[in-house]
1. At q = 0.21, 0.25, 0.27 Å⁻¹, what base-10 log of I(q)/I(0) does the Debye formula yield for the stretch 16-91 when every alpha carbon is treated as an equal point scatterer in vacuo?
2. With 10 angstrom as the radius, rank V107, V67, V55, V101 by how many other C-beta atoms surround their C-beta, starting from the fewest.
3. Taking θ = phi - 60°, what integer Hz values does the Karplus form 6.51 cos²θ - 1.76 cosθ + 1.60 yield along the stretch 59-71, in sequence order, with x for Gly and Pro?
4. Provide, as a two-decimal number, the C-alpha radius of gyration of the stretch 12-174 over 2.2 N^0.38 Å, N being how many residues it has.
5. Using a Förster distance of 25 Å, how high is the FRET efficiency between S158 and S14, based on the Cβ-Cβ distance and rounded to 0.05?
Amino acid sequence: MTEPTTQATSGLDSELEDFAEQIADQVKSFLLALRAISRGEAAGGQEISLLLLEVSQILLAGGRLGVHEDFTPADEYEPDVGPDPDLDAMRLRLAVLLESVDAYSEVFDPYVDPPEMMSSLLSDDLTSIATSLAHGLQHHQDGRVSEALWWWQFSYVSTWGTEASAVLRALQSILAHDRLDAEFESEQDQVAAAGELLDSASS
C-alpha cells in the first residue's frame, strides 16, 4: 500500500503546494544558518553580515506570506506537533557571540502616540523567530501543509515579523556604526597626522 501524497493530505492545489515548499526551504535555510553562526562557523568575523543576510531573506518569505490572502487550516483546532525544538543552547551561544551588541532598543509601534520604546536582546529575538518558524516547519514535514501555511502567516503577522524587522534594524545599525565610525576615525587620524607634519615642518 502506497503512502498518501502530501497534496492528498493537505487538499491544496499544486500552486499552493509549490508556494509552501518554497517557504519551507527558506525556513530550513534560515534555521541551518542560524545554528551554524551560533556555533562560530562564520569565517572572518562575518557574523553580523551573515545574520543581516539571513534575517533579510526570511523577512522576504514573511512578506510573501503577509500579502497572500488568509490561509485556512484544514482542522478547526491545531494538531499537536509535540514539543517545540529546544533552542536554548543556541540562544546561549548567540548571547556569547553577540555579547557586546546583544542588547538594543526599538520603537514597539510607530503608530502609537507617544511611541513606545522597548528593550530586547538579539539572541532572544533570533531564537524566538527560529522557534516560530520551526513550529510551522514541523506541520509541513508531517504533511499538514495548509496548517503550516496558516501558522507561518499568522505568526509572521503577530510575532516573528515584528521581531525580525526589529532585529534587522539593529543589525543594520551595528554594520553602519562599524563601517562609518571606522571611516570617520580614519579621517581624524589623517587630519592629526597632517597636523603633526605641519608642526614638524614649521619648527
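1. -1.09, -1.21, -1.26
2. V67, V107, V101, V55
3. 5, 4, 4, x, x, 5, 5, x, 8, 6, 4, 4, 7
4. For the stretch 12-174, the normalised Cα radius of gyration is 1.06.
5. 0.30
Taken together, the values in this text are just the output of simple stated rules run on the coordinates, not laboratory data. These figures come from a predicted structure and were not determined experimentally. We place every Cβ from the backbone using ideal geometry, glycine too, and count neighbours over all the protein chains shown.
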